[in-house]
Amino acid sequence: MFKFFENLVDPYCAYDQTDHPPRTLRAFLWDYSQPFKQVFALAALLSVLVAGVEIGLIWVMGWVVDILSGTPEEVWAQYGPWLIGLALFLLVLRPILQALDVAVLNNAILPNFTALIRYRAHAHVLRQSVGWFENDFAGRIANRMMQTPPAAGEAVFQVFDAITFSLAYAVGAFVMLGQADWRLAVPLVIWLGLYGLLIRWTVRRVGPASKAASDARSVVTGRVVDAYTNIHSVKMFAHHDREIDFAREAIEGSRRTFQYEMRLFTIMDITLTLLNGLLIVGVVGAGLVLWMQGQASVGIVAAATALTLRLNAMTGWIMWALTSFFRELGVVAEGMETIAQPIDLRDAPGAQPLDLTEGRIEITDLSHHYGRGRGGLERISLTIQPGEKIGLVGRSGAGKSTLVKLLLRFYDAEAGRIEIDGQDIAGVTQHSLRRQIGMVQQDSSLLHRSIRDNLLYGRPEATEDEMILAAKRAEAHDFILDLEDQEGRRGYDAQVGERGVKLSGGQRQRITLARVMLKNAPILLLDEATSALDSEVEASIQKTLYGMMEGKTVIAIAHRLSTIARLDRILVLDDGRIVEEGNHDVLLARGGLYAGFWARQSGGFLLTDEDEAEAAE
């Protein structure tokens, strides 16, 4: 039975991805609800039926009280079949109806609706650019990704479990009291008006308050995750107390917003208790007056009393459900600030896959300053021939990494263009572009998965032998065989920890190198590819690196100039421009910036501006 309801909606069904998701709360939820329209309609119908049955039972109990005025024999003879039918209804049909209602809500809607939002939101967020992620906290993004789907699911649950039910129940109560005597419905109408005013007062304040509380919780999560992610820095600089204070500031902000939210609920509960007292006195009191005047039977008074007591018990639940509904909407609205943002870096309309035939890279008047008007690159023009090996040298901030990021199209250039084999990279699909480029970064972070998973990330279809060969070429195979994680997994099955924290910097770098070797892309980008390796290991894989470059177009960034001295051409960048160009010997003979770097470096690293100033003195 469970599987039938659980499979009513496929949360992973095909859908049209959009670069501009709905930005209003109603449109956002409506868009995600499309696969559930029929199930939602069924849930609403069942909720109304359940409410109708509950109202009907109260009316029936009043009827039972009235028929008990005769002798047992008379009652049984006249009403026995009806009483048996009522018992069968309560024992069979009512549980079936209730089971259908609960199964649709708990098994068909809640798990699938939450999974659908989480799946589609994650797919949308992953399409965002690198720059988008760099402008936010990973912890806050993850927090919103995790809390928004269940909040949306809870809001939908309250719609059918409480709101639809309570509306149907209120209408049924009004009809039942009105049929018994219209004067009994007057206190109910007055109470409903006052109850509506209380709901309006509460929800108008709970929505913003819950959003503020959700924002504050995201700040706490962001700061805590930031500390955990950078735990080595926290410990190394002995800033335990500083991080505690930093987190306490956010926790205190979260506490204050939550306190305000809880004040609203306290005021609501006190006022609701007073209103419920007025309801009971009004309806039951009116029923007693009518009975004393001979205008109402004992059964009517009993039914009216049962109804008001039932409403008294329900009002707190309904009010809590409504405030929960609007509180969860506040959480969804806060999450939308992240998961409903438009994609800021998109494929051009009609973009085609990159058709790489030679590997020629042509850069024309390329400028990019990250929207700041300074830094980055300024009108760079450059042609890299197929199979040519280019080295990039320059002080920090000269524009080397910016050039690499633009080539990968992590950003769209503010001016100029980059072409690969005559195709503007802005006009090809990002996926096909990056499939043709292998990149080894200075920050060799790994996925929190096994060594095998990390290596095969370069080429998932690679065989086991191909994977091991790449690891051997990167001088990684031997240390991989000695690895064992806390769960007892060894070798290539061992987990590396978050960002590869269980491995040394050199081990992470060799895994990264092996991964790129396995990818075997025709264009190779090296950003301080051997910076984390000790001299002995670097020397042992230097030949492998140069072998890996064979037949590829290569751009290598290095501060350790010995690693790029054998490349075909070296470009010296300064303040975003190419100021020198040539091979190692030509640049040394020229006596410019490169020659100065080479002469002044210690251990093969470029000196900083401050070091050069001291040397000049």
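The values are calculated or read from the model by the stated rules, or taken from the named source; none is laboratory data. Keep in mind that this is a model prediction, so the values were computed, not measured. Neighbour counts are summed over all protein chains in view; Cβ atoms, including those assigned to glycine, are modelled from backbone coordinates with ideal geometry. Protein only, heavy atoms only, side chains kept; ligands, DNA and RNA dropped before computing areas. Shrake-Rupley method; radii C 1.70, N 1.55, O 1.52, S 1.80 Å.
Under 11 Å from the Cβ of Y411, count the other residues' Cβ atoms, weight Lys and Arg +1, Asp and Glu -1, and hand me the total. Walk me through the numbers before you get to the answer.
Values: positive: K405, R409; negative: E134, D344, D412, E414.
For residues surrounding Y411, the net value is -2.
Using only the alpha-carbon atoms, how far is helix 182-229 inclined from the longest principal axis of the chain? Give it as 0 to 90 degrees, nearest 10.
Here the helix axis deviates by roughly 20 degrees.
If N is the number of residues in region 300-444, what value comes out of its Cα radius of gyration divided by 2.2 N^0.38 Å?
Normalised by 2.2 N^0.38 Å, the Cα Rg of region 300-444 equals 1.95.
With 5 Å bins from zero, work out the P(r) of region 394-468 over every alpha carbon pair and list the percent per bin.
Per 5 Å bin, starting at zero, the Cα-Cα P(r) for region 394-468 comes out as 3, 12, 19, 19, 16, 14, 11, 6, 1 percent.
Towards the positive end of the charge dipole of the chain, with charges on Cβ (+1 Lys, Arg; -1 Asp, Glu), say which of A27, Q423, G277 has the farthest Cα.
Working it through, the farthest residue towards the positive pole turns out to be G277.
So what does M146 come to for accessible area, using a 1.4 Å probe and Å² rounded to 10?
The value for M146 is about 110 Å².
Rounded to the nearest 500 deg cm²/dmol, what is the calculated helix-only ellipticity per residue at 222 nm for the chain, with -39500 (n - 2.57) per DSSP H run of length n ≥ 4?
Helix contribution divided over all residues of the chain: -20000 deg cm²/dmol.
Relative contact order of region 330-403: what whole-number percent is it, with Cα pairs under 8 angstrom and at least 6 residues apart? Numbers along the way, then the final one.
Numbers: 65 pairs, mean separation 17.6, N = 74.
Reported relative contact order: 24 percent.
Considering the Cα positions of the chain, please state its Rg to one decimal place and its Dmax as a whole number of Å.
35.1, 123
For region 116-172, what is the largest minus smallest coordinate of the Cα atoms on each principal axis, given in angstrom and ordered from greatest to least?
56, 17, 12
Grab the other residues whose beta carbon is less than 10 angstrom from that of A558, score K and R as +1, D and E as -1, and report the net.
Net of charged neighbours comes to 0.
Ignoring ligands, DNA and RNA, what percent of the accessible area of region 400-440 is carbon or sulfur (1.4 Å)?
49 percent
Please state the charge dipole magnitude for the chain, taken about the Cα centre, from unit charges on C-beta atoms (+1 on K and R, -1 on D and E), reported in debye and rounded to the nearest 20.
1260 debye
Please report the antiparallel percentage of DSSP beta bridges with both residues in the chain, rounded to the nearest 5.
55 percent
Can you quote the Å³ per residue value for the convex hull of the Cα atoms in region 22-95, rounded to an integer?
Considering the Cα atoms of region 22-95, their hull volume per residue is 92 Å³.
How large is the accessible surface per residue of the chain, computed with a 1.4 Å probe and reported in Å² as a whole number?
50 Å²
What does the accessible area of W63 come to, in Å² to the nearest 10, when a probe of 1.4 Å is used?
Accessible surface of W63 is approximately 70 Å².
Below 8 Å between Cα atoms, with a sequence gap of 6+, how large is the relative contact order for region 86-202 in percent?
So the answer I get is 27 percent.
From the C-alpha gyration tensor of region 221-309, pull out the three semi-axes of the equivalent ellipsoid (sqrt of 5λ each), sorted largest to smallest, in whole Å.
Three semi-axes, in Å: 62, 12, 6.
In region 1-134, with Lys and Arg counted as +1 and Asp and Glu as -1 at Cβ, which of these residues, F2, A77, C13, has the Cα nearest the positive end of the dipole, that is, farthest along it?
Ranked along the dipole, the leading option is C13.
Please compute the net charge surrounding H368, taking Lys and Arg as +1 and Asp and Glu as -1 over other residues with Cβ under 13 Å from its Cβ.
Spelling it out: positives minus negatives among the neighbours equals +4.
Report the extension gain between Q352 and F2 in nm, rounded to one decimal, defined as 0.36 nm multiplied by the number of residues separating them, less their alpha carbon distance.
121.5 nm
As an exercise, take the mean of 1/r over every pair of distinct alpha carbons in region 240-280, invert it, and state the Kirkwood radius in angstroms. Could the numbers behind the result be given before it?
Details: mean 1/r = 0.0797 Å⁻¹.
One decimal place: 12.5 Å for the Kirkwood radius.
Could you work out Rg/(2.2 N^0.38 Å) for region 179-230, with Rg from alpha carbons only?
2.23
Top to bottom by accessible area (1.4 Å), largest first, where do R327, R255, R263, R310 land? The partial results should precede the final answer.
Details: R327 45, R255 120, R263 155, R310 85 Å².
Correct descending sequence by accessible area is R263, R255, R310, R327.
Probe radius 1.4 Å, ligands and nucleic acids ignored: give me the carbon and sulfur share of the accessible area of region 152-203 as a rounded percent.
On the way: 1670 of 2230 Å².
Whole-percent figure for carbon plus sulfur exposure: 75.
So if each residue of separation counts as 0.36 nm, and I subtract the Cα-Cα distance between D344 and T383, what length gain in nm does that give?
Gain on extension, D344 to T383, equals 11.2 nm.
Once neighbouring chains are kept in place and the probe is 1.4 Å, which whole percent of the accessible area of region 1-145 is contributed by carbon and sulfur?
66 percent
For the chain, what does the relative contact order come out to in percent, with C-alpha contacts under 8 Å and a separation of six or more?
Computed over the chain, the figure is 14 percent.
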